[in-house]
Amino acid sequence: QVQLVESGGGLVQAGGSLRLSCAASGSVFSINAMAWYRQAPGKQRELVATITSGGSTNYANSVKGRFTISRDNAKNTVYMQMNSLKAEDTAVYYCNAGGFVDRRLQPFVSWGQGTQVTVSS
């Protein structure tokens, strides 16, 4: 079983910055893609950014140029630096990861519990 624990959310004024972290623990043999999603009140969960084990990244158009996803493979941790935050970035942010739990390549997909990001205008 693989657990993901997020941290770094909070309240910030528009134009400010926050850095989210998500650490994977438990039966982790390897992690492939890691991602951040977010869900605002009354809206569906949406993909914000992804990063592969090799470091290739993709972003939602709404955050391009403002958010940066990165990872530390040695620590099984993914980060997201969020700059120039806007009120519309307010949401619960969830970490997601997929990979294998052992050498037999038993797959896993895990979600974090979510961390609240609130941007005041």
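The values are calculated or read from the model by the stated rules, or taken from the named source; none is laboratory data. Given the structure is predicted, the values throughout are model-derived calculations rather than measurements. Cβ coordinates were reconstructed from backbone atoms using ideal geometry, including for glycine residues, and neighbour counts include every protein chain displayed. These accessible areas exclude ligands, DNA and RNA; they are computed on the full protein's heavy atoms, side chains included. Shrake-Rupley method; radii C 1.70, N 1.55, O 1.52, S 1.80 Å.
The table that follows gives values for the structure above.
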| quantity | calculated |
| --- | --- |
| Residues of type lysines that residue 43 reaches as a straight line, Cα spacing below 27 Å, ignoring anything fewer than 8 places off in the same chain | 64, 86 |
| Accessible surface, per residue, of the chain when the full set of protein chains is kept, probe 1.4 Å, Å² | 53 Å² |
| Relative contact order %, the chain, counting alpha carbon pairs below 8 Å whose residues are six or more apart | 37 percent |
| Within-11-Å neighbourhood charge of residue 30 [Cβ basis; K, R +1; D, E -1] | 0 |
| Unit Cα scatterers, Debye sum, the chain: log10 I(q)/I(0) for q = 0.13, 0.17, 0.21 Å⁻¹ | -0.48, -0.78, -1.13 |
| Cβ-based net charge around residue 53, under 12 Å, with every Lys or Arg adding one and every Asp or Glu removing one | 0 |
| J(HN,Hα) series, region 11-23, from Karplus relation 6.51 cos²θ - 1.76 cosθ + 1.60, nearest Hz, glycine and proline x | 9, 9, 7, 4, x, x, 9, 9, 10, 9, 10, 8, 10 |
